[in-house]
Amino acid sequence: GSAALRYARDVRIPWKVVLPGSALAFVAALGGAATVSVVPPDLFRPLVPFMLAAVLAYTVARKDFGRSHTPQRLEGGRLALAVALIIAIGFYDGFFGPGTGSFLMFLFIRLFGFDFLNASASARVLNVATNLAALSAFGAQGHVLVGLGLAMAACNVAGALLGARLALRHGSGLVRKVFIVLVSALIARTAYDAWRTWAA
């Protein structure tokens, strides 16, 4: 939320696209959070590093990917695909979560024609919606450790504000580089978690 507010001061966020998308993502994340009590997330843990690896490979292979901001008007099949992916990513964030921001950024660049900076700004808004949905669902079930959560939130806000400031100062070039580094780190981390779960 702090990053989204910081971006909104300097980036023209397409609210006519982002707000309906956030509403879809919110409802989907509620469904994902509700599903956790029925389906163990560990069943899907091994898939995450492969999905992230596909995002990374596409980004690295396409040198011009996300470098120019040329918003596309979505109609027909592309619009249906965008809606389906927003719902899927929202559900995933409520259900499991790692890499959600990266998947949302990839969506905004690949389908909406955004550059990395604008994709990051719009992705933050949708991510707020999915996080609020998951927090509401898990909080209602008594699964939130408030003290630990607030301490982590303070660190998260500080990092988000710093990251948004650097992104706004240095533009899409830096965001692309950081995106590649962070997705690579997420691949390593989620692969390790999947291996540890399988080994156990």
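Side notes on the structure shown:
- Candidates in the stretch 20-57 are the residues that are without any contact (Cβ under 8 Å) to a residue 24 or more places away in the chain and assigned to a helix (DSSP H, G or I); of these, the one that is nearest to Ala129 (Cα to Cα) is Pro20.
- Residues that are open to solvent by 40 Å² or more (accessible area, probe 1.4 Å), in contact with a Leu (Cβ under 8 Å, 6 or more places away or on another chain) and in contact (Cβ under 8 Å) with a residue 40 or more places away in the chain, drawn from the stretch 130-167: Ser136
- Here the stretch 83-117 is the region considered, the condition is being in a helix (DSSP H, G or I) and out of contact with any helix residue (DSSP H, G or I) (no Cβ under 7 Å at 6 or more places or on another chain), and the residue that is most open to solvent (accessible area, probe 1.4 Å) is Arg110.
- Only a single criterion out of (1) within 18 Å of the chain's Cα centre (by Cα); (2) open to solvent by 20 Å² or more (accessible area, probe 1.4 Å); (3) modelled with pLDDT of 95 or more is not satisfied by Leu126, namely (2).
- Being in contact with a Pro (Cβ under 8 Å, 6 or more places away or on another chain) and surrounded by 15 or more Cβ atoms within 10 Å (Cβ to Cβ) is true of Pro14.
- Breaking point among (1) within 16 Å of the chain's Cα centre (by Cα); (2) open to solvent by 70 Å² or more (accessible area, probe 1.4 Å), for Arg62: (1)
- From Arg73, Arg78, residue being open to solvent by 30 Å² or more (accessible area, probe 1.4 Å) and in a loop (DSSP other than H, G, I, E, B): Arg73
The values are calculated or read from the model by the stated rules, or taken from the named source; none is laboratory data. These numbers were taken from a predicted model, which means no experiment stands behind them. Glycine gets a Cβ as well: all are built from the backbone with ideal geometry, and neighbour counts include every protein chain shown. Ligands, DNA and RNA are excluded from the accessible area calculation, which covers all protein heavy atoms including side chains. Shrake-Rupley method; radii C 1.70, N 1.55, O 1.52, S 1.80 Å.
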